[in-house]
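Shown next, in structure tokens, is the structure this report addresses.
The values are calculated or read from the model by the stated rules, or taken from the named source; none is laboratory data. Just so we're clear, the structure is a prediction, and the values are computed from it rather than from any experiment. Please note: Cβ atoms are built from the backbone with ideal geometry, for glycine as well, and neighbour counts cover all protein chains shown. Heads up: the accessible areas ignore ligands, DNA and RNA and are worked out on the full protein's heavy atoms, side chains in. Shrake-Rupley method; radii C 1.70, N 1.55, O 1.52, S 1.80 Å.
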Amino acid sequence: MTAATAPDRDAARVPVRGLTVLYDAQCALCAHVRDWLRRQRQLVPLELVPAGSEEAARRFPGLDHRATLEEITVVGDSGQVYRSTAAWIVVLWALREHRALAHRLATPTGAVFAKGAVLAAAKWREAQWGGRSYRSAEGWTYERGQGWVYRGPDCDDGSCGTA
């Protein structure tokens with residue numbers, strides 16, 4: 001009888017040589033983390049691109065860009081997509097001083113702590129707007145209790161249809 005093994009992901013043939021971090025440019029916490037990431041020594045280069053931006057849509061047309069505004073999303077240079085806790089872990093893995101921490105967080109026990117940190121950051125991010133709506137320049141509005149809603153451009157000039 002042969003032991004069951006995980007499928008080979010062929011990591012030797014398809015290594016991660018670069019990561020793109022999609023972050024909310026309108027979020028103070030996200031901008032702080034972006035600036036912190038820029039100062040870190042990187043073993044794997046990180047590109048930091050505003051989520052929901054034209055650049056993000058052009059580079060990753062298959063992504064749900066609304067979802068990238070709700071939670072951190074990281075895209076590998078071979079098309080790998082990491083979200084939420086996995087995204088934070090892969091970003092730490094890319095940093096010289098934090099790769100060992102990423103390995104610890106990737107274990108079942110470490111994943112509990114990583115998930116807690118991600119949930120705490122999300123709670124702080126939600127609370128930072130003090131219950132008010134938040135609107136991005138692209139037409140997305142964050143409504144507390146509803147999440148992200150696309151409101152589109154204002155139609156005061158009569159250019160929008162009212163079907």
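Label positions at Glu55 and Asp77, each projected 7 Å from the Cα along the C-beta direction, are separated by 1.8 nm. Counting only protein heavy atoms and using a 1.4 Å probe, the accessible area of Asp77 comes to about 80 Å². Computed about the Cα centre, the dipole magnitude for the stretch 43-99 is approximately 140 debye when only Lys and Arg (+1) and Asp and Glu (-1) carry charge, each at its Cβ. Val33 contributes about 30 Å² of solvent-accessible surface, heavy atoms of the protein only, 1.4 Å probe.
Ordering His32, His98 by how much accessible area each has at a 1.4 Å probe, largest first, what is the list?
Sorted descending by solvent-accessible area, the residues read His32, His98.
Taking amide H atoms as placed 1.01 Å from N in the peptide plane, the amide H of Ile72 lies under 5 Å from those of Ser84, each 5 or more residues away in sequence or on another chain. How much solvent-accessible surface does Arg104 expose, in Å² to the nearest 10, with a 1.4 Å probe and all protein chains in place? Accessible area of Arg104: about 140 Å².
Excluding Arg59 itself, what net charge comes from residues whose Cβ is under 15 Å from its Cβ, given Lys and Arg +1 and Asp and Glu -1? Kindly include the intermediate steps, with their values, before the conclusion.
Numbers: positive: Arg58; negative: Glu47, Glu54, Glu55, Asp64, Asp77.
Around Arg59, the charge tally is -4.
Residues of the stretch 92-124 with backbone nitrogen within less than 20 Å of a virtual label 7 Å along the Cα-to-Cβ line of Ala31, please, listed as ranges. Under cut-off, by backbone N: 121-124.
Given a 1.4 Å probe and heavy atoms of the protein chains only, how would you sort Arg38, Arg59, Arg17, Arg66, largest accessible area at the top?
Details: Arg38 140, Arg59 70, Arg17 165, Arg66 95 Å².
Final ranking, largest accessible area leading: Arg17, Arg38, Arg66, Arg59.
For the stretch 31-72, the extents of the C-alpha atoms along the principal axes are 30, 18, 14 Å, listed from largest to smallest.
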